[in-house]
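The structure under discussion appears below in the form of structure tokens.
The values are calculated or read from the model by the stated rules, or taken from the named source; none is laboratory data. Just so you know, these numbers come straight off a predicted model, no measurement behind them. Counting neighbours? That spans all protein chains shown, and the Cβs are built from the backbone with ideal geometry, glycine included. Each accessible area value is taken on the protein alone, full model and side chains, heavy atoms only, with ligands, DNA and RNA left out. Shrake-Rupley method; radii C 1.70, N 1.55, O 1.52, S 1.80 Å.
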Amino acid sequence: MRVDVVTVFPDYLAALDLSLIGKARQAGLLDLRVHDLRDWTTDRHRTVDDTPFGGGAGMVMRPDVWGTALDDVLGDDGHLVVPTPSGEVFTQRHAEALATEEHLVFACGRYEGIDARVAEHYRASGRRVSELSIGDYVLNGGEVATLVMVEAVGRLLPGVVGNPESLVEESHGAAGLLEYPVYTKPPVWAEHEIPEVLLSGHHAKIARWRRDRALERTATRRPDLIAALDVAALDKHDLAT
Ligand SMILES: COc1cc(COC(=O)c2cn[nH]c2)cc(-c2cccnc2)c1
């Protein structure tokens, strides 16, 4: 997979050189390129923004600069992803769908956002455009949201995560449940013990205990997910464990 990120703060994406995503890049599993939007400006001050039509506070990012940058970077197959508070909420389902793409291009907005004609222009020219929010809050720019989405997508690519099994059981995974509580040594810590069943070696009981804790946690913390629960996947998942 090729991922391009266009931003006025390229250094923000340095975190993608680290850990699993960094290793995936070195292994050639992920071809990540970060671009400075100002490289497509034509004026002496390398201006990327201007005042909003209709008035209001703040500045808006110019369509002409974004257009020349994205025409270069999108190529024939790029799927344009625009992190924005006004987008569809990004979920594990979006991560799974984006992980099947060949080429993603993240446009990191700053100020009050990007001129709306940019997304419109690429949609109208038949390109896939996804305006996605990582949550109901406002950030100063799309870079942090891009880090979140690149990590969520990148870790699903074959070969990136050591044990693909671990992708099945995690929160928001195939069964749509939150993850059950996990424990490791020592068996007693600060007078807190481990649930007995986990020491029993009885795999069916352990699987059942884990499923019950996941259901309990989901019902308590995310009742909205219970309504969307795919019981069939849950049982399939259960039988698989
Ligand atoms: C592309 O347009 C944007 C992008 C961003 C950065 O992304 C987020 O904040 C975000 C992404 N998921 N959840 C939040 C912010 C604004 C923005 C800023 C101030 C006032 N209004 C809008 C606009």
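Consider residue 113 carefully, then state whether it is touching a Pro at 6+ places or on another chain (Cβ under 8 Å), surrounded by 16 or more Cβ atoms within 10 Å (Cβ to Cβ) and within 24 Å of residue 51 (Cβ to Cβ). For residue 113, the condition - touching a Pro at 6+ places or on another chain (Cβ under 8 Å), surrounded by 16 or more Cβ atoms within 10 Å (Cβ to Cβ) and within 24 Å of residue 51 (Cβ to Cβ) - is not met. Report yes if residue 134 is near the ligand (Cβ under 7 Å from one of its atoms) and touching a strand residue (DSSP E or B) at 6+ places or on another chain (Cβ under 6 Å), otherwise no. Taking the combined requirement at face value, the residue does not satisfy it. All of 16, 20 fail the test of being open to solvent by less than 60 Å² (accessible area, probe 1.4 Å), assigned by TED's automatic domain parsing to the domain that holds residue 106 and of a type outside the set (Lys, Arg), apart from 16.
Going through (1) touching a residue at least 60 places away in the same chain (Cβ under 8 Å); (2) more than 18 Å from the chain's Cα centre (by Cα); (3) surrounded by fewer than 17 Cβ atoms within 10 Å (Cβ to Cβ) one by one, residue 161 falls short only on (2). Given the structure, is residue 65 under 17 Å from residue 103 (Cβ atoms), surrounded by 20 or more Cβ atoms within 10 Å (Cβ to Cβ) and in the same structural domain as residue 103 (by TED's automatic domain parsing)? No, not satisfied. In the set 167, 147, 139, 156, only one residue is more than 13 Å from the ligand (Cβ to nearest atom) and either modelled with pLDDT of 95 or more or not in a helix (DSSP H, G or I) (or both); that residue is 156. For the stretch 121-131, which positions are at negative phi and more than 13 Å from the ligand (Cβ to nearest atom)? Listed by number, the residues that qualify are 121, 122, 123, 124, 125, 127, 128.
What is the residue count in the stretch 116-130 for residues that are open to solvent by 40 Å² or more (accessible area, probe 1.4 Å) and in contact with an Asp or Glu (Cβ under 7 Å, 6 or more places away or on another chain)?
0
Of the residues that make up the stretch 70-79, is at least one within 16 Å of the ligand (Cβ to nearest atom) and charged (D, E, K, R)? No: the stretch 70-79 contains no residue that is within 16 Å of the ligand (Cβ to nearest atom) and charged (D, E, K, R).
Of all residue pairs spaced 6 or more apart or on separate chains, those with beta-carbon atoms under 7 Å, a first member in the stretch 203-216 that is free of Cβ contacts under 8 Å to residues at least 40 places away in the same chain and a second member that is assigned to a helix (DSSP H, G or I) and not aromatic (Phe, Trp, Tyr) are 205/197; 206/197; 206/198; 207/238; 209/197; 211/238.
Every test in (1) within 30 Å of residue 101 (Cα to Cα); (2) touching a residue at least 12 places away in the same chain (Cβ under 8 Å); (3) open to solvent by 90 Å² or more (accessible area, probe 1.4 Å) is passed by residue 152 save one, and that test is (3).
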